[in-house]
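Chemist: Handing you a structure now.
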Amino acid sequence: MAKSQPDLRTYIEQTLLKLEVDSAQIKVLCEEAVQHEFFGVCVPPYFVGEAARYLQNESVKLVTVVGFPMGYQSSENKLTETIEVVRQGADEVDMVLNIAAFKSGYADYVLNDMKKIALHCHRFDVLLKVIIETALMTDEEIIRICALATEAKVDFVKTSTGFSKAGATVHHIELMRKHLPDHIRIKASGGIKEKKFALDLIYKGANRLGTSAGLKLIM
């Protein structure tokens, strides 16, 4: 029996994080997400309050980023960002891992960084995703980060910011799925512009797709 194709709309977080984004574009992003019944939108922290007004009484989830795109802000700064976006109405927070600390061998700092943000998010029933920038990691490093993320009780591990040298790959999704418990989900992001690629990522374990090409994927 042929495998039934998943409804991509239920996976897509239509994303607009480019530096020159403006209010008009955020409004269109939200309107399109509602029209096409996407799972969510992902917007810069500055636009969370605005997007929350557009999505009021809608089923589309509001996602934003913290410590973006480098991740090497202090834990205190990330927490301040998180407190603000949660207050303004974010349903989910995508926090960039402190890659500089991880590469320097400070695993305890990285773990506590994730724990601190997870604790605040969960206090308000907000989901936390941790962006690990897989393109900058070896397989062994990805496995270690998955263990830290599990210990920190995050909700998702996410592949990429979309601002590094590469985005999601099928290999990395497979690797993450193998080394994460079932209750921790995976968000693939970065370079997802073709339907076949999107489906391959889902079949290998991705639970969400962060993409600026959502309209193309569902056509």
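Chemist: Restricting segment 135-151 to residues that are in contact (Cβ under 8 Å) with a residue 40 or more places away in the chain and either crowded, with 20+ Cβ neighbours inside 10 Å or hydroxyl-bearing (Ser, Thr, Tyr) (or both), which is farthest from residue 169 (Cα to Cα)?
Modeler: Checked segment 135-151; the qualifying residue farthest from residue 169 (Cα to Cα) is 148.
Chemist: Using beta carbons and a limit of 8 Å, which pairs, at least six apart or on different chains, have the first residue in segment 169-188 and farther than 14 Å from residue 156 by Cα and the second one among the acidic types (Asp, Glu) and surrounded by fewer than 18 Cβ atoms within 10 Å (Cβ to Cβ)?
Modeler: Once the first residue is farther than 14 Å from residue 156 by Cα and sits in segment 169-188, its partners that are among the acidic types (Asp, Glu) and surrounded by fewer than 18 Cβ atoms within 10 Å (Cβ to Cβ) give 170/200; 175/139.
Chemist: I would also like to ask the following. State all residues of segment 118-132 that are touching a helix residue (DSSP H, G or I) at 6+ places or on another chain (Cβ under 9 Å) and within 22 Å of residue 209 (Cα to Cα); if no residue qualifies, say none.
Modeler: Passing the criteria: 118, 121, 126, 127, 128, 130, 132.
Chemist: On to the next question. Hey, does segment 199-206 have a residue that's touching a strand residue (DSSP E or B) at 6+ places or on another chain (Cβ under 9 Å) and under 21 Å from residue 151 (Cα atoms)?
Modeler: yes
Chemist: Here's another thing I want to ask about it. Quick one: which residue in 34, 96 is over 22 Å from residue 121 (Cβ atoms) and either among the β-branched types (Val, Ile, Thr) or buried (at least 19 other Cβ atoms within 10 Å of the Cβ) (or both)?
Modeler: One residue alone meets the criteria, 34.
Chemist: Might you check whether a residue that is among the aliphatic types (A, V, I, L, M), under 22 Å from residue 216 (Cβ atoms) and not in a loop (DSSP other than H, G, I, E, B) occurs anywhere in segment 10-19?
Modeler: Yes, there is a match, as at least one residue in segment 10-19 is among the aliphatic types (A, V, I, L, M), under 22 Å from residue 216 (Cβ atoms) and not in a loop (DSSP other than H, G, I, E, B).
Chemist: Moving on to the next point. Restricting to segment 65-84, give me the number of residues that are under 15 Å from the mean Cα position of the chain (by Cα) and either more than 21 Å from residue 110 (Cβ to Cβ) or surrounded by fewer than 16 Cβ atoms within 10 Å (Cβ to Cβ) (or both).
Modeler: Total meeting the criteria: 2.
Laboratory data are not the source of any read-out in this text; all were calculated from the coordinates shown. This one's a predicted model, so the numbers in the text were calculated from it and none came from an experiment. For neighbour counting, all protein chains shown are included, and Cβ atoms are generated from backbone atoms with ideal geometry for every residue, glycine included.
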